[in-house]
Amino acid sequence: MDHKKIMEFEEKCIQEHPPACNATCPVHVDVRSMLAEIKAGRFTEAFHIYRKSVPLPGIISHICDQPCRSACKRGGAGDAIAIAALEKACVQQMSIPLPKTTPSPRKPERVVIVGGGLRGLTAAHDLAKKGYSVTLFEAGSTLGESLSKNFAAVLPSQVIAEDLAIFDQLGVAIQLNTTVDKDISLAALSQDYDAVFLSTLPSEQQDQLTIDPITLSTEQKGVFAAGSPDKERAASPIGAVAEGRRAAISIDRYLQGVSLTAARENEGSFKTRLFTSIIGVEPLPVVPLGHNRSFYGQEEAMQEAARCIQCQCLECVKVCQYLTHFKGYPKKYIRQINHNLKMIKGRHEANTLINSCSLCGLCQEVCPEGLHLGELCGLARQEMVTKGKMPPSAHDFPIRDMEFSNGEQCVLTRHQPGHTVSNYLFFPGCQLSASAPNHVERAYAYVTEQLSGGVGLMLRCCGAPAEWSGRTEVFDGELQQIKAQWEEMGRPRLILACSTCGQMFKKHLPEMKTISLWELYDQYGLPEVAGAERPARVAVHDACTSRQEEDLQERVRKILRELGCQIDELPTSRDKTECCGYGGLMQFANHGLADDVMKRRINQSPADYVAYCAICRDNFAGKGKRTYHLLDLIYGEANPVAPARRGPGYSQRRENRVRLKNKLLKELWGEKTVLAENSFATIKLWIAEDVQEVMEHRLILVEDIQKVIEHAERTGKKLFNHESGHYLAYYQPVSVTYWVEYQPENEGFRIYNTYSHRMEIPHGDE
């Protein structure tokens, strides 16, 4: 896959962007992490986080004008966090002495800083830590004199002295009572030092220098400058620190001979892309200051820090069990997928991640940036299949099931009895035919009664499993067969009972005009059913493939209201609906995750559910959730059994499709099917209920067991256990090996256990 395209996906995930407080702070204090430590009572750890961004933590914590607070998301639900007060608390509550600061190895270059205010002190601190020989000129008689004058009311002299002691540790040379152009000229400084920073400009030079606002460089080589003496007093203190840091970065780059302008867009305050929802956040007031209302003690600080909502996005993770399951977020997953695609040798660890996505698109609906991780997973499956790096067994079962649905025993295309042309073509889909073939018969009878011009019938699968598994060529082949049969029928309008079929045709065969079965029930009226009972209240589950079908969703609800049902909307419905666990073949690639997806969905309401997708209904009912198919209610099947009935097992689903075809051919068209019976199909089996459950979980069909036994009995390749009296045999028809433990009984065989795996048995003749 094109690297640029993957980067486009990754760029859309904003989870790793900084919260608004961090982005708005000119020096980007990691407020979120600092407050998390304070909340936990770890004030020393909080201080170290603060000190990473702030060179003079004691001074700044007393005078910071906290522009970050105006951006605090908590302010949308109560009061914004008192960030400056918490900065002060983490400095005051330090439980251990600060370690001595050691600069980097000494560099030969010499730098002079003019001015001992916040800009000059910050620049001197940062450059000295990098190992430069730094001299700082202070116009006053003591270092920090301007701080004492400007912030006398809030900044104790002891705090100033404690913070400024770091300059002795860093080896900064302090030259007091020195003013540029009065005691020394700028020209002399430029000659004696490799770089000069004028943190405050003498009034005589202010109009003579042009200052680049990004780099603070001037037209004089090696000279960098900030603002006027009055500017520092009026400006934001934390803004002055940021300006001093900007100068230090520029001087360091200048002395290293690298670009002064590259990658500087996020210096100072900037607008973050991080989205954080405050829906459901309880409004809370700020915790009052203790200790005579001058500062927070430990308990008050911990309470105030606990109000922080720890801003992050994760909108997609909140609603998607798949994204939650792998304990990360899309940007991390995209990196794993990218690595998986680029690997030539070794284990492709992200295959499970790629195959587990339902491809449903819910992430795109809730993402502020519109990221569709399912689209990337779908493309990744295609590439892995093309490269031969995706194990065939990952989707072996659903592909085989699709092939069976489109095989001779199940596929059927006919004009309506008594007609030679078809204006319409009913396409119920493979899952409704497998789950409730009686509903296919009822629905077909209804549409033939209501519509004129002939309503043909086509029984087969739309090919969705092939697309979902990344088998593009197989999918294209299935589409071409459908298109060819549709054209032979005279290009009729398709009537669809399955939203997945609708999605496939709309995307890949747009020339085929379609109409929903539910639109016809709404348009022509519901059939009258004598003695029908319906539940008073239901919750509607929209199939994930109907996400963009607003008209379809509304027609389903209209039908339910006409049936007398009150409707409960699930927390995520319509365009925000969740998958049932089948979509994208999740159910086969990651059975445990699919179970969690189903459980999450069925626990969202105590009401009985109504689904208009057969597989959704069967999945929920299989987990014990009372769920109707919409056709159950239309045809009055509201007795206690209907919503509680479990869907048929995989083997029974196949049998239902075959029986449906044979029944329709016999009853509607007067035809009889003559199909060659496979030799294994005549083998009789006795399978206990617990073994049947094992078969469903392990995706083993009755015919798989029959094939193993037929092969074992024909070739004699089987093992006999003298203790149990059972035989054990295996057979590998395609890419999966099946094992069966059995014993002959009467004219058939009793099955005791069965399992499958992807290993190949050496020295076999298969």
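The values are calculated or read from the model by the stated rules, or taken from the named source; none is laboratory data. Everything numeric here is computed off the predicted structure, so don't read it as measured data. Here the Cβ is made from the backbone with ideal geometry for all residues, glycine too, and neighbour counts use every protein chain on show.
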Next on the checklist: Need the failing condition index for THR673 against (1) at pLDDT 90 or above; (2) hydroxyl-bearing (Ser, Thr, Tyr); (3) under 17 Å from PHE404 (Cα atoms), just the number.
Outcome noted: (1)
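Residue under question is GLN732, and the condition is that it be under 30 Å from LEU412 (Cβ atoms), crowded, with 16+ Cβ neighbours inside 10 Å, among the polar types (S, T, N, Q) and outside the structural domain of GLU403 (by TED's automatic domain parsing); does it hold? Break it down into steps so the answer makes sense when it comes.
Values: under 30 Å from LEU412 (Cβ atoms): no; crowded, with 16+ Cβ neighbours inside 10 Å: yes; among the polar types (S, T, N, Q): yes; outside the structural domain of GLU403 (by TED's automatic domain parsing): yes.
Considered against the rule, which asks whether it is under 30 Å from LEU412 (Cβ atoms), crowded, with 16+ Cβ neighbours inside 10 Å, among the polar types (S, T, N, Q) and outside the structural domain of GLU403 (by TED's automatic domain parsing), GLN732 comes out as no.
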Next on the checklist: So the check is Cβ under 6 Å with 6+ separation or different chains; which pairs have a first residue in region 698-722 that's free of Cβ contacts under 8 Å to residues at least 24 places away in the same chain and a second one that's assigned to a helix (DSSP H, G or I)?
Outcome noted: LYS718/ALA712
Next on the checklist: If I go through region 608-666 residue by residue, how many of them are over 20 Å from TYR444 (Cβ atoms) and of a type in the set (D, E, K, R)?
Outcome noted: 8
Item to check | Members of region 368-389 that are surrounded by 18 or more Cβ atoms within 10 Å (Cβ to Cβ) and either more than 30 Å from GLU315 (Cβ to Cβ) or aromatic (Phe, Trp, Tyr) (or both) | outcome: VAL385
Item to check | Extreme residue, surrounded by the fewest Cβ atoms within 10 Å (Cβ to Cβ), among residues of region 681-708 that are over 24 Å from GLN587 (Cα atoms) and among the basic types (Lys, Arg) | outcome: LYS684
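Just for strands (runs of 3 or more DSSP E) wholly inside region 412-488: which have at least 1 residues that are at pLDDT 95 or above, among the polar types (S, T, N, Q) and crowded, with 21+ Cβ neighbours inside 10 Å?
On the way: elements: 412-414, 424-427, 455-459.
By residue number, no strands (runs of 3 or more DSSP E) qualify.
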Checklist entry - Which members of region 91-119 meet the condition of being in contact with an Asp or Glu (Cβ under 8 Å, 6 or more places away or on another chain) and either outside any loop (DSSP other than H, G, I, E, B) or surrounded by fewer than 18 Cβ atoms within 10 Å (Cβ to Cβ) (or both)? => result ARG110, VAL111, VAL112, LEU118, ARG119
Item to check | Residues of region 676-712 satisfying the condition of being modelled with pLDDT of 90 or more, hydrophobic (A, V, I, L, M, F, W, C) and either within 41 Å of the chain's Cα centre (by Cα) or at positive phi (or both) | outcome: VAL691, VAL694, MET695, ILE700, LEU701, VAL702, ILE705
Checklist outcome for this item: The residue from ASP551, ASP575 that alone is of a type in the set (Asp, Glu), surrounded by fewer than 20 Cβ atoms within 10 Å (Cβ to Cβ) and touching a helix residue (DSSP H, G or I) at 6+ places or on another chain (Cβ under 7 Å) is ASP575
Item to check | Residue among GLU349, GLU304, GLU282, GLU265 that alone is in contact with a Phe, Trp or Tyr (Cβ under 7 Å, 6 or more places away or on another chain) and over 28 Å from GLU549 (Cα atoms) | outcome: GLU304
Checklist outcome for this item: For region 226-248, pairs from a residue that is within 13 Å of LEU201 (Cβ to Cβ) to a residue that is modelled with pLDDT under 95 and surrounded by fewer than 17 Cβ atoms within 10 Å (Cβ to Cβ), with Cβ under 7 Å and 6 or more apart or across chains, are SER228/GLN206
Item to check | Restricting region 171-188 to residues that are closer than 21 Å to ILE251 by Cα and touching a Leu at 6+ places or on another chain (Cβ under 9 Å), the residue that is modelled with the lowest pLDDT | outcome: VAL180
Item to check | Output for region 20-67, where each listed residue is in a helix (DSSP H, G or I), out of contact with any helix residue (DSSP H, G or I) (no Cβ under 6 Å at 6 or more places or on another chain) and without any contact (Cβ under 8 Å) to a residue 12 or more places away in the chain | outcome: HIS48
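Taking VAL91 as the residue in question, decide whether it is hydrophobic (A, V, I, L, M, F, W, C), at pLDDT 95 or above and more than 12 Å from GLU304 (Cα to Cα). Write out each step before concluding.
Working: hydrophobic (A, V, I, L, M, F, W, C): yes; at pLDDT 95 or above: no; more than 12 Å from GLU304 (Cα to Cα): yes.
Here the answer is no, as VAL91 does not meet what is asked.
Which members of region 1-38 meet the condition of being touching a Phe, Trp or Tyr at 6+ places or on another chain (Cβ under 7 Å) and β-branched (Val, Ile, Thr)?
Of everything in region 1-38, those that are touching a Phe, Trp or Tyr at 6+ places or on another chain (Cβ under 7 Å) and β-branched (Val, Ile, Thr) turn out to be ILE14, VAL29.
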Item to check | The listed residue being in the same structural domain as GLY120 (by TED's automatic domain parsing), touching a Leu at 6+ places or on another chain (Cβ under 7 Å) and modelled with pLDDT under 90, out of SER217, SER250, SER228, SER203 | outcome: SER228
Checklist entry - Residues in region 605-623: is at least one basic (Lys, Arg), assigned by TED's automatic domain parsing to the domain that holds MET586 and touching a helix residue (DSSP H, G or I) at 6+ places or on another chain (Cβ under 9 Å)? => result yes
Item to check | Single residue of region 516-548 satisfying the filter (of a type in the set (Lys, Arg) and in contact with a helix residue (DSSP H, G or I) (Cβ under 7 Å, 6 or more places away or on another chain)) that is surrounded by the fewest Cβ atoms within 10 Å (Cβ to Cβ) | outcome: ARG534
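Each row is one residue, and each column tells you yes or no for (1) of a type in the set (Ser, Thr, Tyr); (2) surrounded by fewer than 21 Cβ atoms within 10 Å (Cβ to Cβ); (3) not assigned by TED's automatic domain parsing to the domain that holds ARG69.
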residue: ALA301; (1), (2), (3): no, no, no
residue: GLN310; (1), (2), (3): no, yes, yes
residue: LEU341; (1), (2), (3): no, yes, yes
residue: LEU362; (1), (2), (3): no, no, yes
Next on the checklist: One residue is enough: does region 623-642 have a residue meeting the conditions of a type in the set (S, T, N, Q), in a loop (DSSP other than H, G, I, E, B), over 28 Å from the mean Cα position of the chain (by Cα) and over 30 Å from ALA466 (Cβ atoms)?
Outcome noted: yes
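If you check PRO492 against the conditions, is it out of contact with any Leu (no Cβ under 6 Å at 6 or more places or on another chain) and in the same structural domain as LEU459 (by TED's automatic domain parsing)?
Values: out of contact with any Leu (no Cβ under 6 Å at 6 or more places or on another chain): no; in the same structural domain as LEU459 (by TED's automatic domain parsing): yes.
Considered against the rule, which asks whether it is out of contact with any Leu (no Cβ under 6 Å at 6 or more places or on another chain) and in the same structural domain as LEU459 (by TED's automatic domain parsing), PRO492 comes out as no.
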